[in-house]
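> Can you keep this structure in mind? I'll have questions shortly.
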Amino acid sequence: MNIASVHLDALKALGYTEAEARFLYIVATHSGYFVARQFLAFANAHWGERTTTFWNKLHTKKHARTECFPKTGIVYHVFSRRLYRQIDRENIRNRRQHEIEYIQRRIGILDFVLSNPKYKYLETEPDKVSFFCDQLKTPRHFLPSKIYHGQRTSQPTLRYFVDKFPMFLHGDAPSPVVTFTYLQGPEASLTEFVHHLEAYLPLFRQLSEFRVLYLARVESHFEKAKGLFNSLVAVPLGSDASADLLRYFQIRKGWDLGRYASLSEADLIFRNQAKTRFTGQHFERLYRGWKVGRVSESDIRQEFGGSERHVIVHFATEVLRRLGVPGRDPDGKA
């Protein structure tokens, strides 16, 4: 992580030390929220005059506010428009107030970034759009996006990569490999992870190689997350259209015949995706013909051919540790 000196100087001009300026830059860019243990670990400090001085600066200058949550403790929110403007982050949504579930995830993201400072992060939405569209020549409509509707008099705004999960690069130009991350929230279901992969799949299809890193506080979802990723991303990208169509036909036939017990959750997710991909009268005729034996697998493979494009996909899981110092943890469990 290379922080531009102009940004550090701008924060230091507000009265912060070098270490405080670096910490505030990382918080504002990646999270918007932090807890005391994170600053203590970053500054290699103990609770005392140094940290008290930092908190007092934040409050006196009205750059941050404190919020207290049950079972979480005190959370600091860096919200000052002026501070964000100093580092060219004025329009970032991190300075807005959010619910506790969102805050906990942002604190988790900050744990990851602070624990991995050597990564080459794509820090902002423009950085990410420029990397994919300008450097990799990916058409913009393949990027995950969301439309925000403002007041009645304002125009809708199209934003990209609104999840703001950390994204970083391995290797040098012109072919660096990008790592996408996903941080599991406190929810027991992986439904949100599925939606996240579905939103990114059009972009994944445009890349020759990429990595996905699944982060969670505990290991309980790791195996299931890997299975879902393989079903939704790795297998489809590593196969050709004919193989996907035949798999869809096989799953659909099992469903039509009421053999529900033979279908896994991954099969059902694949079926729902494939219904959209293989829709139309031509596919319906092929399915009916295949089902009764008039259309063979070789017929389908001959019509759709194989994929000559080889995509290298990496998936890994990692337990996200709470960054902190041994002993006293003044901010609770966040």
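The values are calculated or read from the model by the stated rules, or taken from the named source; none is laboratory data. Note that the structure is a prediction, hence the values are computed from the model and not measured. Neighbour counts run over all protein chains shown; Cβ positions are idealised from the backbone, glycine included. Quick note on the areas: whole protein, heavy atoms, side chains included, nothing else; ligands and nucleic acids left out. Shrake-Rupley method; radii C 1.70, N 1.55, O 1.52, S 1.80 Å.
> For a 25 Å ceiling on Cα separation, which of these pairs sit above it: LYS164/LYS275; LYS12/LYS62; LYS57/LYS164; LYS120/LYS164? Write down the numbers at each step before the final one.
Details: LYS164/LYS275 30 Å; LYS12/LYS62 16 Å; LYS57/LYS164 28 Å; LYS120/LYS164 15 Å.
In this structure, LYS164/LYS275; LYS57/LYS164 exceed 25 Å between Cα atoms.
> Let me ask you something else. With labels modelled as points extended 7 Å from the Cα through the Cβ direction, what inter-label distance (nm, one decimal) is found for ARG159 paired with GLU265?
Inter-label distance under the simple model: 3.0 nm.
> To continue, here is another question. Could you check how much of the accessible area of the chain is carbon and sulfur, as a whole percent, using a 1.4 Å probe?
Roughly 50 percent, rounded to a whole number.
> Related question: How much net charge surrounds PRO202 when only other residues with a Cβ under 13 Å from its Cβ are counted (Lys, Arg +1; Asp, Glu -1)?
Overall, the nearby charge balance is +2.
> About its Cα centre, how strong a charge dipole does the chain have in debye, to the nearest 20, once Lys and Arg get +1 and Asp and Glu get -1 at the Cβ?
Values: 49 positive and 35 negative charges, 164 e Å.
Taking the Cα centre of the chain as origin, the dipole is about 780 debye.
> Which residue, ALA28, ALA225, ALA261, has the most motion in a Gaussian network model of the chain that connects Cα atoms within less than 10 Å?
ALA261
> Rounded, prolate or oblate: pick one for segment 161-285, where a ≥ b ≥ c are the square roots of the eigenvalues of its C-alpha gyration tensor, a/c under 1.5 means rounded, and failing that, prolate if a/b is larger than b/c, else oblate. Could the numbers behind the result be given before it?
Working: a/c = 2.52, a/b = 1.45, b/c = 1.73.
Verdict is oblate for segment 161-285.
> Next question. Can you send over the solvent-accessible area of TRP55, 1.4 Å probe, protein chains only, in Å² to the nearest 10?
20
> Loop only per DSSP, at most 14 neighbouring Cβ atoms within 10 Å: give me the GluC sites (Glu not before Pro) in segment 165-253, ordered by residue number.
Those that pass, being in a loop and sparsely packed, are GLU187, GLU219.
> Give, in nm to one decimal, the length gained when the segment between ARG65 and ASP299 is fully stretched (0.36 nm per residue of separation minus the Cα-Cα distance).
Length difference between fully extended and current span is 77.7 nm.
> If you don't mind, there's one more thing I want to ask. Determine the distance separating the Cα centre of segment 226-250 from the Cα centre of segment 1-58; give it in Å without decimals.
What the calculation gives is 46 Å, centre to centre.
> When only C-alpha pairs under 8 Å and at least 6 residues apart count, what is the relative contact order of segment 1-154, in percent?
Reported as a whole number, the value is 26 percent.
> What is segment 122-169's relative contact order, in percent, from Cα pairs under 8 angstrom and six or more apart in sequence?
With pairs under 8 Å counted, the relative contact order is 38 percent.
> Further question on the same structure: Do any trypsin sites (Lys or Arg not before Pro) in segment 2-50 lie in a loop, going by DSSP, with at most 15 other beta-carbon atoms within 10 Å of their beta carbon, and if so which?
Numbers: sites: LYS12, ARG22, ARG37, ARG50; in loops: none.
Sites meeting the loop and neighbour criteria: none at all.
> Could I ask something else about it? Restricting to Cα pairs below 8 Å that are 6+ residues apart, what does the relative contact order work out to for the chain? Please round to a whole percent.
20
> Right, here's the next one. Measuring from a point 7 Å past the Cα of TYR148 along Cα-to-C-beta, which residues in segment 106-121 have an amide N at less than 17 Å?
106
> Something else: Top mean-square fluctuation among ASN230, ASN94, ASN272, Gaussian network model of the chain, C-alpha springs under 10 Å?
Its mean-square fluctuation being the largest, the pick is ASN272.
> In the set (1) 61, 48, 36; (2) 66, 59, 37; (3) 81, 45, 41, which value of Cα extents along the principal axes in Å was calculated from the structure you see?
(3)
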